[in-house]
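The values are calculated or read from the model by the stated rules, or taken from the named source; none is laboratory data. Keep in mind the model is a prediction, meaning the values are calculated, not measured. Using ideal geometry, Cβ is built from the backbone for each residue, glycine included, and neighbour counts are taken over all protein chains shown. For accessibility, only protein heavy atoms count, side chains too; no ligands or nucleic acids. Shrake-Rupley method; radii C 1.70, N 1.55, O 1.52, S 1.80 Å.
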Amino acid sequence: MTVRVAEAFAPGRINLIGEHTDYNDGLALAFATTAGVSVRARRLSGARVEARAHDLGEEYSFDAHETGGATGWRAYLHGAYAELRTLGYEPPPASIDISSQLPIGSGMASSAALTLALCMALVELSGDPALPSLALARLAQTVEQVWAGAQTGLLDQLASLHGADGQAVLIDFRELTLERMPLRLDGSTLVTLASGEVHTNSASGYNSRRAECTEAAHRMGVESLRDALIQDLHMLPDTLAARARHVISENGRVLAAARALRDGDLTLLGRLLDLTHASLRDDYEVSTPAVERTVDALKAAGAIGARLIGGGFGGSVIALMPQGTVAPAGATVISAGTGAHLLG
Ligand code: GLA
């Protein structure tokens, strides 16, 4: 049967803890946001794709087989069409409406959400069987790497796909296993506050951080930093040692945070967020003065833990606010929402 219209929704992701661990075979504890990106695709005859990004007020039209050098949200469209074809799908020419509630460059993985919703809608429109979730996550990662030039891991895609209401998901990127656990905050709230600096993975130091980790693992004689030991850091020059120290210690903090969440120990959870931020700032060096001011504002308002989220170099800060505190103006209370799915 020919599908004429397909609609999909993919949420953004908030990474509670476990930053820059995904591409090091590490661990993260993340959840899907309630906000996300919706894509409605309507089959067109002819060869052209007619797309509209409603929140940006922009339009784009291209030949479905064209692979030209587009940038921004347009690059993800080309990438979705091309990468689906390499998997044997025939995404048809379509009229595509994109509506996003996720601020671009906020560190909440708007590009992964866009790619996932787009690919799910196009696969549905092609009439072929849906992609298994890991294949879909990898496809969206390839789009990010090849078409947007950011050598990202699988955090954003897996968190968006496997989100569930009120649940966080502990992800092991080496085993590719996921464990859900209630995001139980006992009256405290999680908020995000934008630093005002837009973050892009491709234009930031993201790729160089990733290359440094590969180099550090190589020098330490391990396949990935997941297997590296703190006591072996002396084998590395200072900068590489600092990068590796962040990754090794961050994996430990993820496990501690998962335990704290299970035990309802929010004081410990907050402390771990603070430690992660210090590690991202001092060892991984992905903070900025605007991010530091944002962390300070949240701490001054009573946050028991605050840290930058996502790749860094701008974006947003997440904070744990105990009951009775008031977050600074502009902060948004966040909760865990459902994973990516087809609509209708
Ligand atoms: C970005 C990337 C993810 C992950 C984070 C840092 O969001 O897309 O793969 O590496 O940065 O944890």
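A few remarks follow.
- Evaluation of residue 123 against (1) in a helix (DSSP H, G or I); (2) of a type outside the set (D, E, K, R); (3) within 16 Å of the ligand (Cβ to nearest atom) (one fails), failing number: (3)
- Condition check for residue 305: at pLDDT below 95, outside the structural domain of residue 116 (by TED's automatic domain parsing) and crowded, with 24+ Cβ neighbours inside 10 Å: no
- Test result for residue 270, more than 16 Å from the ligand (Cβ to nearest atom), surrounded by fewer than 24 Cβ atoms within 10 Å (Cβ to Cβ), modelled with pLDDT of 95 or more and part of a loop (DSSP other than H, G, I, E, B): no
- So residue 60, is it surrounded by fewer than 24 Cβ atoms within 10 Å (Cβ to Cβ) and touching a Cys at 6+ places or on another chain (Cβ under 9 Å): no
- Number of residues in the stretch 10-25 that are more than 8 Å from the ligand (Cβ to nearest atom) and closer than 21 Å to residue 304 by Cα equals 3.
- In the stretch 149-183, the residues that are out of contact with any strand residue (DSSP E or B) (no Cβ under 9 Å at 6 or more places or on another chain), open to solvent by 10 Å² or more (accessible area, probe 1.4 Å) and within 15 Å of the ligand (Cβ to nearest atom): 149, 151, 176
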